[in-house]
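Have a look at the structure below, then the notes.
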Amino acid sequence: MSSSRGETERVTGRDFQTRKARGERLVVVTAYDALFGKLVDESGADCVLVGDSVGNLLAGYETTLPVTLEQMIYHARSTRAGVKRALLVVDMPFLTYQVSPQRALLNCGRVMQETGADAVKLEGAKENILAAVRAVTGAGIPVMGHLGFTPQSALTLGGSRVQARDADGAKQIVEDAKALEAAGVFSIVLELVPAKVAARVTEAVSVPTIGIGAGASCDGQVLVLHDLLGLNEGFSPKFLKRYASMAAEVRDAVSRFGSEVRARSYPDDDHSF
Ligand code: KIV
């Protein structure tokens, strides 16, 4: 691992390849701000993803489509302030990379320049996306791909559902992954894909696959932080495992604070000047 920012050993895109070659699993977690970015970084995750799921989680949007480039830049810059070691990847929002390779390069370049991110993530593998990946990687910007359920296409995919379920779909996603690899991505997120199909994709490419709802054979796993912390109670897909129950803890803490204020027991002498 390189260490271009001082003493901290920083994870790089090249480390991703090495990990796959060694059979070591990669851990990816989302964050949208400096505080959680720091906590995730300190927890030892290999990669922090500033996902456009920020639109669902923090802005309360139904889909990720309304998320803007300015919003992603704001959240990425905030997260960068907390992340010193893990690889920081930023989701490119809807319509910032699909229209033309030139626009994709300018928008990705803006994200890199204005946020200090290490890489960007683009969804899909249609010809326009492959052209964008070639343009962006050609300029030296590392790109993570994203196949299977791609949330920015939720409306045409019929909502959040498992993809590549039949033989044709499975063949297509393997082809798409190979095309993304040839275009230059350093890793590929596989979202909502049958475990056997994700295993085939993982075998077919030399870049690491990062699964979310894609079974145990992927080279790494990603979860949305607010989901794994149990902060997002309304979201319970089969793949999600909650490692904490923080929504209940937040309600309990705030309600105890309220009770003590109403009972005039807070602030007491210990918490007064
Ligand atoms: O936006 C996001 O958080 C993502 C992950 C779910 C992979 O793309």
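The values are calculated or read from the model by the stated rules, or taken from the named source; none is laboratory data. Please read all numbers here as calculations on a predicted model, not as lab measurements. Quick reminder, even Gly has a Cβ in these numbers, built from the backbone with ideal geometry, and neighbours come from all protein chains shown. For the accessible areas, the whole protein counts, side chains as well, though only heavy atoms, and no ligand, DNA or RNA atoms are used. Shrake-Rupley method; radii C 1.70, N 1.55, O 1.52, S 1.80 Å.
Can you give me the number of residues within region 198-211 that are open to solvent by less than 20 Å² (accessible area, probe 1.4 Å) and either among the aliphatic types (A, V, I, L, M) or part of a loop (DSSP other than H, G, I, E, B) (or both)?
The initial filter retains those residues of region 198-211 that are open to solvent by less than 20 Å² (accessible area, probe 1.4 Å), namely 198, 201-202, 205, 207-211.
Subset that is either among the aliphatic types (A, V, I, L, M) or part of a loop (DSSP other than H, G, I, E, B) (or both): 198, 201, 205, 207-208, 210.
Qualifying residue count, region 198-211: 6.
To keep it simple, each residue is scored yes or no on (1) open to solvent by less than 40 Å² (accessible area, probe 1.4 Å); (2) part of a helix (DSSP H, G or I).
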{"residue": "168", "(1), (2)": "no, yes"}
{"residue": "179", "(1), (2)": "yes, yes"}
{"residue": "196", "(1), (2)": "no, yes"}
{"residue": "222", "(1), (2)": "yes, no"}
{"residue": "234", "(1), (2)": "no, no"}
{"residue": "237", "(1), (2)": "yes, no"}
{"residue": "244", "(1), (2)": "yes, no"}
{"residue": "250", "(1), (2)": "no, yes"}
{"residue": "256", "(1), (2)": "no, yes"}
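Residue 54: hydrophobic (A, V, I, L, M, F, W, C), open to solvent by less than 20 Å² (accessible area, probe 1.4 Å), at pLDDT 95 or above and over 23 Å from residue 219 (Cβ atoms), yes or no?
Values: hydrophobic (A, V, I, L, M, F, W, C): yes; open to solvent by less than 20 Å² (accessible area, probe 1.4 Å): yes; at pLDDT 95 or above: yes; over 23 Å from residue 219 (Cβ atoms): yes.
Yes, satisfied.
Only residues that are in contact (Cβ under 8 Å) with a residue 40 or more places away in the chain and farther than 18 Å from residue 117 by Cα were counted in region 54-91, giving 4.
This table checks each residue for (1) under 21 Å from residue 179 (Cβ atoms); (2) in a helix (DSSP H, G or I); (3) under 16 Å from the mean Cα position of the chain (by Cα).
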{"position": "133", "(1), (2), (3)": "yes, yes, no"}
{"position": "145", "(1), (2), (3)": "yes, no, yes"}
{"position": "155", "(1), (2), (3)": "no, yes, no"}
{"position": "162", "(1), (2), (3)": "no, no, no"}
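Scanning region 212-228 for residues that are among the small types (Gly, Ala, Ser) and closer than 21 Å to residue 14 by Cβ gives a single hit, 220.
Only one of the numbered conditions (1) over 20 Å from residue 229 (Cβ atoms); (2) touching a Phe, Trp or Tyr at 6+ places or on another chain (Cβ under 6 Å) is not met by residue 85, and that is (2). When 27, 48, 40 are checked against the criterion of being open to solvent by 40 Å² or more (accessible area, probe 1.4 Å), β-branched (Val, Ile, Thr) and modelled with pLDDT of 95 or more, a single residue qualifies: 27.
Among the residues of region 13-22, is there at least one that is free of Cβ contacts under 8 Å to residues at least 12 places away in the same chain, over 16 Å from residue 112 (Cα atoms) and crowded, with 17+ Cβ neighbours inside 10 Å? The answer is no, given that none of the residues of region 13-22 is free of Cβ contacts under 8 Å to residues at least 12 places away in the same chain, over 16 Å from residue 112 (Cα atoms) and crowded, with 17+ Cβ neighbours inside 10 Å. For residue 29, the criteria (1) over 17 Å from residue 82 (Cβ atoms); (2) aliphatic (A, V, I, L, M); (3) touching a residue at least 40 places away in the same chain (Cβ under 8 Å) hold in every case but one, which is (1).
Taking the criterion of being in contact (Cβ under 8 Å) with a residue 12 or more places away in the chain, of a type in the set (Gly, Ala, Ser) and away from the ligand (no atom under 12 Å from the Cβ), the residues of region 125-152 that qualify are 125, 131, 132, 135, 138, 139.
Among the residues of region 74-111, those identified as buried (at least 20 other Cβ atoms within 10 Å of the Cβ) and farther than 19 Å from residue 45 by Cβ are 92, 93, 94, 96, 97, 104, 107, 108, 111.
Name the residues in region 47-75 that are away from the ligand (no atom under 12 Å from the Cβ) and touching a Ser or Thr at 6+ places or on another chain (Cβ under 7 Å), would you? Result: 69, 73.
When you go through 92, 112 one by one, which is the residue that is within 15 Å of the ligand (Cβ to nearest atom), closer than 17 Å to residue 71 by Cβ and aliphatic (A, V, I, L, M)?
Numbers: 112 fails: within 15 Å of the ligand (Cβ to nearest atom).
Going through 92, 112 in turn, the sole match is 92.
Note on region 153-174: among residues that are touching a residue at least 12 places away in the same chain (Cβ under 8 Å) and not aliphatic (A, V, I, L, M), the one that is nearest to residue 123 (Cα to Cα) is 153.
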